[in-house]
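Input: a single structure, listed below in structure tokens.
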Amino acid sequence: MTRACIFGASGGIGGALVEALAAREDVSCVYAASRTPPAASDRVVPLTCDVSDEDSLAQAVATMAEQDAPDFVIVATGALEFADGAGPERTFKKLDARRMAQLFAINTIAPAMVARHLLPLLPREGRSVFAAISARVGSISDNRLGGWHSYRASKAALNMLVRNFAIEMGRTHRESVIVALHPGTVDTPLSEPFQNNLAEGQLTAPAQAAQNLLAVLEGLTPAESGGFFAWDGQPIPF
Ligand SMILES: NC(=O)c1ccc[n+]([C@@H]2O[C@H](COP(=O)([O-])OP(=O)(O)OC[C@H]3O[C@@H](n4cnc5c(N)ncnc54)[C@H](OP(=O)(O)O)[C@@H]3O)[C@@H](O)[C@H]2O)c1
């Protein structure tokens, strides 16, 4: 039985992942970690956790370790707009060090700290999964449009860390699968300001996005650990 943990459980994609996992017979419990966690239910164990605060994160991980450590972890936290409501930069002339640092804190450093605290709890024997939700725009080789400097750079850095963690964990946890995922364009508060010019059929409902991501993870093998995969299972070049 899988013990899952979703960080960002109040988010559009994170919330849908919690619901999808809690409905599965092969999942014994879903730790729903969030600044505002959902109510407890049959398999859902709420955990109050702010991933950008290491003490809060360490406390949540300690609670899981005391109960029954997870073997399937998805970090579904992240931000595209800045905390002051400003949208992503279209030109380097708009770069602002304080805003940039905020975005790196939530998109790069927070998932890294989740890894730092949780990877040691993954079982050495048997399959385990650690996935961070990245974004296709974090692919350097796929970047043809430019812009969105802080978001793109913070996700590219996240992808590098995921590859590093996969290499390190692969030495001791031979069946671990550690990957970055692109969920597609999903109808959530994060994408809401950018949905106007989307072609019909390009916007995915969170419940569908959750099913897509879980199907991708189910199909991945340890040989693919360290990779970056889209919602349809296609590898994305770094
Ligand atoms: N939606 C899309 O189209 C799309 C496309 C590509 C990639 N993504 C990626 O998918 C992931 C999930 O995004 P989403 O669309 O589900 O967004 P969302 O609905 O806005 O949820 C993001 C979650 O991240 C956490 N978070 C955001 N800012 C934070 C902060 N400053 N401090 C601590 N936690 C913070 C919150 O989780 P809690 O409050 O629950 O802790 C929030 O609910 C993100 O990494 C995003 O970059 C989304």
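The values are calculated or read from the model by the stated rules, or taken from the named source; none is laboratory data. Model, not experiment: these values are computed from the prediction. Counting neighbours? That spans all protein chains shown, and the Cβs are built from the backbone with ideal geometry, glycine included.
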Tabulated pairs, region 107-135, first free of Cβ contacts under 8 Å to residues at least 24 places away in the same chain, second among the aliphatic types (A, V, I, L, M), C-beta under 9 angstrom, 6+ apart or interchain:
ARG116/LEU57
Would you mind stating whether VAL114 is surrounded by 17 or more Cβ atoms within 10 Å (Cβ to Cβ) and closer than 19 Å to ALA69 by Cα?
yes
Going through (1) in contact with a helix residue (DSSP H, G or I) (Cβ under 8 Å, 6 or more places away or on another chain); (2) assigned to a helix (DSSP H, G or I) one by one, ASP232 fails only at (2)
Identify, from the list VAL162, VAL177, the residue that is part of a helix (DSSP H, G or I) and either farther than 24 Å from LEU220 by Cα or of a type in the set (Val, Ile, Thr) (or both).
VAL162
Within region 149-205, restricting to residues that are surrounded by fewer than 13 Cβ atoms within 10 Å (Cβ to Cβ) and among the small types (Gly, Ala, Ser), the one that is nearest to ALA97 (Cα to Cα) is ALA199
Of the residues that sit in region 113-142 and are among the hydrophobic types (A, V, I, L, M, F, W, C) and within 13 Å of the ligand (Cβ to nearest atom), which one is nearest to ALA60 (Cα to Cα)?
VAL114
Limited to region 1-43, what total is found for residues that are of a type in the set (D, E, K, R) and not in a loop (DSSP other than H, G, I, E, B)?
2
From the residues in region 30-54 that are in contact with a helix residue (DSSP H, G or I) (Cβ under 8 Å, 6 or more places away or on another chain) and either more than 15 Å from the ligand (Cβ to nearest atom) or of a type in the set (Phe, Trp, Tyr) (or both), which one is nearest to PHE130 (Cα to Cα)?
TYR31
Working only within region 55-66, note down all residues that are more than 12 Å from the ligand (Cβ to nearest atom) and either modelled with pLDDT under 95 or within 13 Å of HIS117 (Cα to Cα) (or both).
ASP55, ALA58, GLN59, VAL61, ALA62, THR63, MET64, ALA65
So which residues in region 1-48 are among the hydroxyl-bearing types (Ser, Thr, Tyr) and either closer than 20 Å to PRO111 by Cβ or under 16 Å from the mean Cα position of the chain (by Cα) (or both), if there are any at all?
SER10, TYR31, SER34, THR36, THR48
All positions within region 45-60 that are assigned to a helix (DSSP H, G or I) and hydroxyl-bearing (Ser, Thr, Tyr):
SER56
Any residue that is under 30 Å from LEU145 (Cβ atoms) and either out of contact with any helix residue (DSSP H, G or I) (no Cβ under 8 Å at 6 or more places or on another chain) or at pLDDT 95 or above (or both) - is there at least one of those in region 67-75?
yes
Count, please, the residues in region 61-87 that happen to be over 29 Å from GLY219 (Cα atoms) and assigned to a helix (DSSP H, G or I).
3
With respect to PRO88, is the statement that it is within 16 Å of the ligand (Cβ to nearest atom) and within 14 Å of the chain's Cα centre (by Cα) true?
no
Contacts under 6 angstrom Cβ, first residue in region 198-220 being over 12 Å from ALA20 (Cβ atoms), partner of a type in the set (Ser, Thr, Tyr) and within 12 Å of the ligand (Cβ to nearest atom), 6 or more apart:
GLN202/THR185; LEU203/THR185
